[in-house]
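Presented below is the structure to which this report refers.
What follows is calculated from the coordinates using simple rules that are stated; it is not laboratory data. Source: prediction; values computed, not measured. When we count neighbours, we look across all protein chains shown, and the Cβ atoms used for this are built from the backbone with ideal geometry, even at glycine.
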Amino acid sequence: MIILSKLIRKGATELVELFKSDPRLIEEYIVSVYEVIDRVEDLVRSYITLRPLNEVLADGAKVRETLTNGFKGRLAGLLVAVKDVIVTKNLRTTCASKILYDFIPPYNATVIERIIGEGGIVVGKTNMDEFAMGSTTENSAFFKTRNPWDLDRVPGGSSGGSAVAVAAYEASIALGSDTGGSIRVPAAYTGIVGIKPTYGLVSRYGLISYGTSLEQIGPMARNVSDLALLLSVIAGYDPHDSTSLKVRDLNYMEFLKPTPMKKYRIAIIRECVSEGVDNTVLTAFNRSLRRFEEEGLEVLEVSIPIIKYALPAYYIIAMAEASSNLARYDGIRYGYHVSVEGRTWDEVYTEVRSEGFGLEVKKRILLGTFVLSAGYYDQYYLKASKIRKLLYDEFMKLFKEVDVVVTPTTPTTPPRFGEALTDPLKLYLLDTYTVVANLTGLPAISIPSDIVNDVPVGLQLIGPRLSEGYLINLAYIHELKSGLKDLVPTAVSGYV
Amino acid sequence: MSNLDIKIGLEVHTQITSLKTKLFCSCPSDYRGKPPNTNVCPVCLGLPGALPVVNIEAIRAALMVALALKCEISDVLVFTRKHYFYPDLPKNYQISQYDGPGSIPIAKNGYIVIGVDGGLKKVRIRRINIEEDPGKIVYPTGSLLTSKYTLIDYNRSGIALLEIVSEPDLRSPKEARAFIDKLRSILEHLGLVNTELEGALRVDANISLAGGSRVEIKNISSAKDVERALTYEIIRQSKALETGEKVRRETRHWDAIRKVTVPLRVKEFEEDYRYFPDPDLPPVKISLKLIEEIYQKLPELPDQRIERFIKTYGLSDYLATVLVSEKVLADYFEECVKYCGNPEIIGNIVVNDFKRWVDEMDIEVSKAVKILTPNQLCQLVYMLNNNIINIKILKEIIPKVLKYNKDVNTIVYEENYIDISNEEVLMRIIDEVIKENPKAVKDALINPKAVNYLVGQVMKKTRGRANPELTNKLIIKKLKELSGTP
Amino acid sequence: MLKEDLKVWLERISKLSLIRISSEEEEIILNDMKKIIEFFNTINSLDLSNVEPLFMVLKDEPVVRDDEVGESLSVDEVLKNVKEVEGGFIKGPKTA
Ligand SMILES: [Mg+2]
Ligand SMILES: [Zn+2]
């Protein structure tokens, strides 16, 4: 066994400080991350596109030089894994779909510009469910990503590649996207932290749309400090996104305090801890609650009956928006193409779309088309949007009384391959607790709650609008008390 | 065929050419004449991940039009996605507006007053939409029907359009034309649209005859062609109805070259645009304050200007209306008057001569006013008022100036157009004419009206240069001499 | 609650979305679709006639743009991903 550099186990926040005092360490760091990738990538398969080491080293050398000249980039020298749903200039972006298998974007997403601006280095593009449609990363058009805690289990999804890249030490931090739980579910399943920010806090410019009104880009990291660091960089106003909030200069590092920054009142929702929850999950959940109570925080129980309609409402809205967002894939301007001469547009488009999209994507486009179609719009799309309103009002009301809502991130521990896919509803159920935050636009973080039978279990904290700082504060306290940070999954423990 | 049997509604698409950039991205709105696909960005090319951000000036422009057309204005701007697949549409949906749950057009329920057969008519406006223009398809064979593939240029994609939809209040092709002319003039007066730019104004026309179905004619590019296409459709449909054939509810394409309408491919399923509020573009509040601010800044509109022309310049209703039907024409008129007065003479010349020739020669008015400049036109008026030329000559000079792009003076002297007012010269010619037309002279001696013939002969001999009043006077004098009366 | 036969429904929807379902896929899809539509139908038990819909959660005024020209893409960038190009145009299918 090769002894890897000590840098590999270090967190992003710590590394940045080290690089500032000794910029030459960046090279050692990059090489050692690539050594890990060499060892674990065959097992877990996080990356769809990994940049060649020499290119990344060249980028590292540039960052080193700027650091030497006094550059103070907040991510200087860090390797960042990016979900392949976020466009990267001149770096292939596929959305894990055959229909975009060779797409080379001519522009960067705003979050990528910001990361590069702070000295971060994109290491590669990570695997996901095709067009972010899925909760297991089994729906990639290319290959499945495995959970490093148990290679027979799914890593969760759709940001499974990013979660695994971080959990398996193939990158220091990562970007995911979350439409209905796509950051939080894989974070929970792989023992890392991930946050779905308040809608509008992080620019969506360059995020390939699935459910426009629901989704946000968010950071994924092995500990709360690293998450706060990356969130501080990507959050804030962007004139290229009409839904961007006019907030600037955010620094979430200020919330990394070992004690509660206010007397948080914590609510648990009765409907989320009764039916359909695994006992192991519930046990972990209760242990986490106790940690908060030990800090002197009040925990109370509330009931939100409408929540049981959140899941169908979520899927109706997400699919409706998806059917519209995915109309543009017709093979003419980019992506999977068939020859056009002598054939009409509907023939050509139908062939491209039928061959280019995978089954789950097709299903969602068809259903989304259906719920928007004449005669069904009121019954499905409009009605779902009304449920959304009721849910929104309930949460606004609730947050006048409490500061944070906690739920298990998922009702169960990670399924084994194929388990969730046999029945579409089983797959959708994985998102039961996470979709609420997307429908209401509220921030929600998933943190490790416990490790049960060698598999991590996640805890979700939902807060009011723009309460990311407080969520981070609570997550940090929980992390200190539980010691659940920088976890090393079983499958990679021999390598890092 | 009674006009009452015809119902016509128009859907006018006009680009807001006064904007510097497109509707949802910062690409230049000036796309004309650029090489294909050189005026696009990730947004207007519909690249994955790109997002629209609305141009605030486009909203202001739409509000100006809404106020000018006396519409009810929505208190919120909502964009809606309209879904259909077509190669010129990069996202395969158009960001537009709609009247439905969660959606509302920026303005509704307005009207335009048009002149019809000497009277006035109110044509109702159903709604005004802001929407994006698609790209442009070029057919390699020149024809949609015979091309085996298409060539797409997205330079136009995303240009800000206003869709102005009328109620089916129009009763004839002539009324339809009057509607478009009036609307065009309003848009020009608002300073929003240069309607002379190719493709800046496009019209879809709906027409139904009693007993028939609604037929839509797509993409007509001028007011003249709207009149032509509708006339063609009326003939086609009434013939069909006479022979008992069914007029199908369908969409037809106006072939501007062959001057016919042709049916477009029939779709298997009915259109289902699946409108829903665009989640990329949350509603923008339209405050009363903004509307008031725009209202205060509204420039003079055609109806007000017509009134002013009648009052200030003493023009007839007719002259004022024709002048104001095109903003450049009205501006030209006023500039000339500013330069040399004579509003009535100038009004007549601009409408009856200048405008007539410009139409006939198919020159753009904006180009023509740079050839026969106000200075030039005023020189002609000066020569007329000082009997250097006569009105007949003036009418001859105008097309020549326009055709040869020559200075007025040069033409007058080169063509030797100077009025013959010299009595000696005229008498010599009159003597010749009298000698050559003994019969006419006899007639004229009995019937004073026959004098005109002799005047005409003198004009012919002088190629119109003889001063007609003087000629008339001299002939009468000569005839009196001949008849012997003192 | 479909107003038509599931197969007829699928044909209509697949024409609208330009997605063809192969005969091998059809059975799975129809089966899944039925389940999902039933799942969607659970919301029909609610009477929501007096509820306003919520389409977007943004509370702030959206971002708008001044009318200022910015950068466009170079023609190389535009055509980089295009498979069929002719004289700078993007080659597309027939429209008739
Ligand atoms: Mg339109
Ligand atoms: Zn653009």
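Given the rule -39500 (n - 2.57) for each run of at least 4 DSSP H residues, summed and divided by the residues of chain B, what is its mean residue ellipticity at 222 nm, to the nearest 500 deg cm²/dmol?
Values: 17 runs with 196 residues, N = 486.
The helix contribution divided over chain B gives -12500 deg cm²/dmol.
Taking amide H as placed 1.01 Å from N in the peptide plane, the amide H of residue A:174 sits under 5 Å from that of A:81, A:220, each at least 5 places away or on another chain. Once the Cα atoms are used to define both axes, helix B:391-404 deviates from the longest principal axis of chain B by about 50 degrees. A straight line joining the Cα centroids of the stretch B:244-323 and the stretch B:392-440 runs 48 Å. Annotation: amide H of residue A:124 within the under-5 Å range of A:51, A:82, sequence separation 5 or more or interchain, hydrogens built in the peptide plane.
Whole angstrom only: what separates the Cα centroid of the stretch A:154-171 from the Cα centroid of the stretch B:70-130? Here the answer is 48 Å between Cα centres.
Under a Gaussian network description of chain C, with springs only between Cα atoms under 10 Å, the residue in C:15, C:35, C:83 that fluctuates furthest is C:83. As a rough footprinting exposure proxy, the listed residues A:232, A:209, A:97 were ranked by other beta carbons within 10 Å of their own, and the order from fewest upward is A:232, A:209, A:97.
Shown for A:172, B:221: other C-beta atoms within 10 Å of each C-beta, ranked fewest to most, produce the order B:221, A:172.
Projected onto its three principal axes, the C-alpha set of chain A covers 64, 61, 44 Å, listed from the longest axis down. Starting from 0.36 nm per residue, how many nanometres of slack lie between residue B:366 and residue B:70 once their C-alpha separation is accounted for? Value of the extension gain: 103.7 nm. Could you let me know the centre-to-centre spacing of the stretch C:40-96 and the stretch A:19-65, using Cα atoms, in angstrom? Measuring centre to centre over Cα atoms gives 36 Å.
Highest mean first, how do B:6-14, A:5-13 rank when packing is the count of other Cβ atoms within 10 Å averaged over residues? The partial results should precede the final answer.
Working: B:6-14: 21.6, A:5-13: 17.6.
Ranked by mean Cβ neighbours within 10 Å, highest first: B:6-14, A:5-13.
Per 0.36 nm of contour for each residue apart, how much would the distance between residue A:398 and residue A:101 grow if the chain were fully extended, relative to their Cα-Cα spacing? Could you put the intermediate results ahead of the total?
Values: separation 297, 0.36 × 297 = 106.92 nm, distance 4.48 nm.
Length gained between residue A:398 and residue A:101: 102.4 nm.
Could you work out the mean count of beta carbons from other protein chains within 10 Å of each residue's beta carbon in C:32-39?
On the way: counts 7, 5, 0, 4, 12, 4, 2, 8.
Average neighbour count from other chains, rounded to a whole number: 5.
Between residue A:55 and residue A:6, what's the calculated FRET efficiency when r is the beta-carbon distance and R0 is 22 Å? Round to 0.05.
Details: r = 25 Å, r/R0 = 1.14.
E between residue A:55 and residue A:6, to the nearest 0.05, is 0.30.
Sketch the reach of a paramagnetic label on residue C:23 as a point 7 Å from Cα along Cα-to-Cβ, and name the residues of the stretch A:341-355 whose backbone nitrogen lies under 20 Å away. Those under the cut-off are A:351, A:354-355.
For residue B:125, the amide hydrogen comes within under 5 Å of the amide hydrogens of B:110, B:111, B:112, B:167, counting only partners 5 or more places away or on other chains and with H modelled in the peptide plane.
Each label was represented as a point 7 Å from its Cα along the Cα-to-Cβ direction; for residue A:493 and residue C:76 these points are 5.2 nm apart.
Please sort A:60-73, B:160-173, A:410-423 by packing, taking for each peptide the average over its residues of neighbouring beta carbons within 10 angstrom, highest first. Before the final figure, lay out the partial values.
On the way: A:60-73: 15.4, B:160-173: 21.8, A:410-423: 17.9.
Packing order, densest peptide first, comes out as B:160-173, A:410-423, A:60-73.
Once you have a ≥ b ≥ c as the square roots of the Cα gyration tensor eigenvalues for the stretch B:6-293, tell me rounded if a/c is under 1.5, and otherwise prolate or oblate according to whether a/b is larger than b/c. Judged from the Cα gyration tensor, the stretch B:6-293 comes out oblate (a/c at least 1.5, b/c at or above a/b).
The count of lysine pairs in the stretch B:302-414 whose Cα atoms are under 16 Å apart, excluding pairs fewer than 8 places apart on the same chain, comes to 18.
What net charge is computed for the residues neighbouring residue B:366, neighbours being all others with C-beta under 11 Å from the C-beta of residue B:366, Lys and Arg scored +1, Asp and Glu -1? Here the count lands on -2. Taking a ≥ b ≥ c as the square roots of the Cα gyration tensor eigenvalues, chain B comes out prolate, since a/c reaches at least 1.5 and a/b is larger than b/c. Would you please give the FRET efficiency between residue C:30 and residue B:290, computed as 1/(1 + (r/R0)^6) with r the Cβ-Cβ distance and R0 = 56 Å, to the nearest 0.05? The value I calculate is 0.60. Scalar couplings 3J(HN,Hα) for the stretch B:107-115, obtained by applying the Karplus form with A = 6.51, B = -1.76, C = 1.60 to θ = phi - 60°, are 8, 9, 6, x, 7, 10, 9, 10, x Hz; x denotes Gly and Pro.
Remark on the protein assembly as shown: A:95, A:272, B:25, B:27, B:41, B:44, B:71, B:336 stand apart, with no other cysteine beta carbon under 4.7 Å. Report note on the peptides B:149-156, B:398-405, B:205-212: ranked by the mean count of other C-beta atoms within 10 Å, highest first, their order is B:149-156, B:205-212, B:398-405. Counts of other chain beta carbons within 10 angstrom of each beta carbon in peptide A:89-97 average 1.
Listed by chain and number, the aspartates and glutamates placed with their C-alpha closer than 12 angstrom to that of residue B:136 are B:88, B:153; residues fewer than eight positions away on the same chain are left out.
How well do other chains shield peptide B:19-28, expressed as the mean number of their Cβ atoms within 10 Å of each residue Cβ? Mind showing how you got there, number by number?
Working: counts 1, 4, 6, 4, 1, 2, 4, 10, 5, 3.
The mean count of partner-chain Cβ atoms within 10 Å per residue comes to 4.
Here A:24, B:177 are placed in order of increasing Cβ neighbour count within 10 Å, fewest first, which gives A:24, B:177.
Anisotropy class assigned to the protein assembly as shown is prolate, per the alpha carbon gyration tensor with a/c at or over the 1.5 cut-off and a/b larger than b/c.
Against chain B, whose longest principal axis is taken from its Cα atoms, helix B:327-340 shows a tilt of about 40°. Our coupling estimate for the stretch B:276-292, obtained by passing each phi through the Karplus curve with A = 6.51, B = -1.76, C = 1.60 and θ = phi - 60°, is 7, x, 5, x, 6, 10, x, x, 9, 5, 10, 7, 4, 4, 4, 4, 4 Hz, Gly and Pro reported as x.
Hey, with R₀ at 25 Å, roughly what FRET efficiency would residue B:409 and residue B:452 work out to, going by the Cβ-Cβ distance, to 0.05? Please list the in-between numbers first.
On the way: r = 32 Å, r/R0 = 1.27.
Efficiency computed from Cβ-Cβ geometry: 0.20.
At q = 0.10, 0.12 Å⁻¹, what is the log10 ratio I(q)/I(0) for the stretch B:302-414, with the Debye formula run over Cα points and no solvent? Relative scattering, expressed as log10 I(q)/I(0), comes to -0.26, -0.37.
Can you list the DSSP H helices in chain A whose Cα atoms extend at least 24 Å along the helix axis and whose mean Kyte-Doolittle hydropathy is -0.5 or higher?
On the way: long enough: A:25-44 (28 Å, 0.66); A:383-401 (28 Å, -0.60).
Length and hydropathy pass: A:25-44.
Note on residue A:416 and residue B:30: the model spin-label points, each 7 Å out from Cα along the C-beta direction, lie 6.9 nm apart.
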